[in-house]
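A.B. asks: To start, I am sharing the structure in question, which I have written as structure tokens.
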Amino acid sequence: QVQVVESGGGSVQAGGSLRLSCAASGDTSRMYCMGWFRQAPGKEREGVAAFTSNAFSATGSTWYADSVKGRFTISQDNAKNTLYLLMNNLKPEDTAMYYCAARAPGYYCTGARADPAVYRYWGQGTQVTVSS
């Protein structure tokens, strides 16, 4: 079992920054794929960014939705079992509930990394509100 808990949401003006954190606990030793999703009222949940760890290396690989490329940065601190999402130059359209998610232990991110259905574990979400 894996538990993930998000924090760091809030309200900012357009152009501002926020950093979201996702603390993971439980069976994290083989947790190779984690991601950030968001869901705005009346819209479907969408993938924002994903991080793939390498079982044999400390490095990882990242993926971003086109809408956040160049503004958001996903990173992972293995020592702290924490996933981060640094969000710069925020826009009103970034307003949403942001969720951290993890695939089942042993599974890597694949081409379906933006599909919520492939993630097994979810946090409760943290609200991000960007005003113009």
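The values are calculated or read from the model by the stated rules, or taken from the named source; none is laboratory data. Only a predicted model underlies this, so the values are computations on that prediction, with no experimental measurement involved. In this analysis, Cβ positions are derived from the backbone assuming ideal geometry, glycine residues included, and neighbour counts consider all displayed protein chains. Quick note on the areas: whole protein, heavy atoms, side chains included, nothing else; ligands and nucleic acids left out. Shrake-Rupley method; radii C 1.70, N 1.55, O 1.52, S 1.80 Å.
A.B. asks: Quick check on the stretch 86-127: of everything there that is in contact with an Asp or Glu (Cβ under 9 Å, 6 or more places away or on another chain) and within 15 Å of Val5 (Cβ to Cβ), which residue is most open to solvent (accessible area, probe 1.4 Å)?
C.D. replies: Looking at residues that are in contact with an Asp or Glu (Cβ under 9 Å, 6 or more places away or on another chain) and within 15 Å of Val5 (Cβ to Cβ), I get Gln124.
A.B. asks: From the set of residues in the stretch 43-62 that are modelled with pLDDT under 95 and surrounded by fewer than 18 Cβ atoms within 10 Å (Cβ to Cβ), which is nearest to Leu86 (Cα to Cα)?
C.D. replies: The qualifying residue nearest to Leu86 (Cα to Cα) is Thr62.
A.B. asks: Looking only at the stretch 71-116, which residues are among the small types (Gly, Ala, Ser) and either under 18 Å from Ala40 (Cα atoms) or without any contact (Cβ under 8 Å) to a residue 12 or more places away in the chain (or both)?
C.D. replies: Ala79, Ala96, Ala101, Gly111, Ala112, Ala114, listed by residue number.
A.B. asks: What number of residues within the stretch 13-27 are open to solvent by less than 30 Å² (accessible area, probe 1.4 Å) and part of a loop (DSSP other than H, G, I, E, B)?
C.D. replies: Of the residues in that region, 1 qualify.
A.B. asks: Suppose we keep only residues that are among the hydrophobic types (A, V, I, L, M, F, W, C) and over 16 Å from Ala104 (Cβ atoms) within the stretch 1-12. Which one would you say is least open to solvent (accessible area, probe 1.4 Å)? First the steps, then the outcome.
C.D. replies: As a first pass, look at the stretch 1-12 and keep what is among the hydrophobic types (A, V, I, L, M, F, W, C): 2, 4-5, 12.
Restricting the remaining residues to those that are over 16 Å from Ala104 (Cβ atoms) gives 5, 12.
On the way: Val5: 81, Val12: 26 Å².
Filtering the stretch 1-12 for residues that are among the hydrophobic types (A, V, I, L, M, F, W, C) and over 16 Å from Ala104 (Cβ atoms), the one least open to solvent (accessible area, probe 1.4 Å) comes out as Val12.
A.B. asks: Just to be sure before I move on: is Ala40 touching a helix residue (DSSP H, G or I) at 6+ places or on another chain (Cβ under 9 Å), surrounded by fewer than 17 Cβ atoms within 10 Å (Cβ to Cβ) and in contact (Cβ under 8 Å) with a residue 40 or more places away in the chain in the structure I sent?
C.D. replies: So Ala40 fits the description; yes.
A.B. asks: Then there is this: If a residue counts only when it is over 14 Å from the mean Cα position of the chain (by Cα), which strands (runs of 3 or more DSSP E) contained entirely in the stretch 30-132 have at least 2 such residues?
C.D. replies: Numbers: elements: 33-39, 46-54, 57-64, 72-77, 82-87, 96-102, 126-131.
In the stretch 30-132, the matching strands (runs of 3 or more DSSP E) lie at 57-64, 126-131.
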